[in-house]
Structures are given as structure tokens and as C-alpha cells.
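Notes follow the structure.
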Amino acid sequence: MAGPAVTGPSLDHRGATLAEIAEAADVGRTSLHRYFPDRESLINAVIQDSAGVMSQAIQEARLDDDDPVQTLRRLVATMFDVGDHLLFLFSDPGVRTTFENLSDPEARTDAVARLIQRGRAEGVFDSNVSSAWIESVFWALVYAGCDAVHKGRLPRHQALNSVLRSLENGIRIKGAGEEPDF
């Protein structure tokens, strides 16, 4: 028998007690305690669920298909689709540390790193900065875009376009007079 659903992380009240979580999830406290004896075990379950959702999304973005620019665009859009999970994992230093300790960071970002290396090898991503830098910029911009949507500062389509423009103008090699095509 599976426990109560641990999907759909909320960023609105990170310090909620198990009683408050049970009430918000519309389950009894006893039921919640049966599956998650303490807050830490519940948080760890949500971290594992969010990590799985993000890994699945990266896999569904088919990072080995198409040219690197099209693939990067698809990956950004896919990450926006799981933005609540991404924000949950990286908004709180304690959650982020637990996430990094519970999972293999290389396995998590290996596909993204391969995409960046492929883009550099094909001459479409800037080779004057390291692949690690490009990956850091990618994740920072995606996080910023998802955060802007979550906080209501930008509609999804505008945040997505802003992230793509920032990425492509920052990492993509352009020919003389060529403008990025969005």
C-alpha cells in the first residue's frame, strides 16, 4: 500500500508542521504519521519525488536528438514544466544539501553536460567559457525564470522567452550580423 501522495511541493510555507501538512493535503494526521513518522522523512520523500520528476523531464526532453540549440530550447521549456519541483529542490539550502547528499550529482546533470559539450563541439555554443560555466548559467537562468513565474512577476511565456534570449545571447556563437531566432 502506498503512502499519501508526496508530489506537488509547495514553496509557500516551508516550516509547516506535520499537522499543517496533513490538513493542507486533506489527510488525517494519523495517516500521515503512519507513512512519515517525522517531518524529515516526509521532506526526504518529497526530495526523492522531485528529483525523480526532474530526471524524467530531462529524459523526456530527448537531449541527444536534434541540433543543440533546438534541444536546449526544448530542455528549458521542459524544466519550466517541472518548475515547482526545481524551485523546491534549490530554494532552501537545507533541502538542496539533502538533495545533493541523497542523489548522485553527476548522474543528475550528465545529460545536460553532454548536450553542452555537443553544442561546443559542433561550434554553436561558446568554447571560450567552460562547459561547467555554461551549465551553471543554464541552471541559474532556468531557476530565475521559474521563480519569476512562481512569484507572479512574469507570465510563463515571457519568462521562458527571457531565459532563452539570455542563454542564447550569452552562450551561442553568432555569425556576423546574425541575430538569434526565437
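The values are calculated or read from the model by the stated rules, or taken from the named source; none is laboratory data. Worth saying up front: this structure is predicted, and the values here are computed from it rather than measured. All Cβ positions, glycine included, derive from the backbone under ideal geometry; neighbour counts span all protein chains shown. Ligands, DNA and RNA are stripped out before the accessible areas are found, and what is left, the full protein with its side chains, is counted by its heavy atoms. Shrake-Rupley method; radii C 1.70, N 1.55, O 1.52, S 1.80 Å.
Data overview
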{"item": "Positions within the range 44-83 being within 10 Å of the chain's Cα centre (by Cα) and of a type in the set (Asp, Glu), in sequence order", "result": "81"}
{"item": "Subset of the range 13-24 (residues that are within 18 Å of residue 94 (Cα to Cα) and open to solvent by less than 80 Å² (accessible area, probe 1.4 Å))", "result": "14, 15, 16, 17, 18"}
{"item": "Test: residue in the range 25-36 that is surrounded by fewer than 15 Cβ atoms within 10 Å (Cβ to Cβ) and small (Gly, Ala, Ser)", "result": "yes"}
{"item": "Any hit, the range 91-107, residues being of a type in the set (Gly, Ala, Ser), modelled with pLDDT of 90 or more and open to solvent by 20 Å² or more (accessible area, probe 1.4 Å)", "result": "no"}
{"item": "Given (1) open to solvent by less than 10 Å² (accessible area, probe 1.4 Å); (2) within 23 Å of residue 20 (Cβ to Cβ), number of the condition residue 43 does not satisfy", "result": "(1)"}
{"item": "Where a residue in the range 145-167 is on the phi < 0 side of the Ramachandran plot and assigned to a loop (DSSP other than H, G, I, E, B) and its partner, wherever it lies, is surrounded by 13 or more Cβ atoms within 10 Å (Cβ to Cβ) and of a type in the set (A, V, I, L, M, F, W, C), with Cβ under 6 Å and at least six apart", "result": "154/148"}
{"item": "Cβ pairs under 7 Å, 6+ apart, first in the range 45-69 and hydrophobic (A, V, I, L, M, F, W, C), second assigned to a helix (DSSP H, G or I) and open to solvent by 30 Å² or more (accessible area, probe 1.4 Å)", "result": "47/98; 47/102; 57/81; 61/74; 63/114"}
{"item": "Boolean, residue 70 is more than 30 Å from residue 42 (Cα to Cα), surrounded by fewer than 13 Cβ atoms within 10 Å (Cβ to Cβ) and of a type outside the set (Gly, Ala, Ser)", "result": "yes"}
{"item": "Which listed residue, of 34, 73, is under 30 Å from residue 123 (Cβ atoms), out of contact with any strand residue (DSSP E or B) (no Cβ under 7 Å at 6 or more places or on another chain), modelled with pLDDT of 85 or more and basic (Lys, Arg)", "result": "73"}
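Yes or no, residue by residue, for (1) modelled with pLDDT of 95 or more; (2) surrounded by 13 or more Cβ atoms within 10 Å (Cβ to Cβ); (3) within 18 Å of residue 61 (Cβ to Cβ):
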site: 113; (1), (2), (3): no, yes, yes
site: 121; (1), (2), (3): no, no, no
site: 126; (1), (2), (3): no, yes, no
site: 134; (1), (2), (3): no, yes, yes
site: 141; (1), (2), (3): yes, yes, yes
site: 146; (1), (2), (3): yes, yes, yes
site: 173; (1), (2), (3): no, yes, no
site: 177; (1), (2), (3): no, no, no
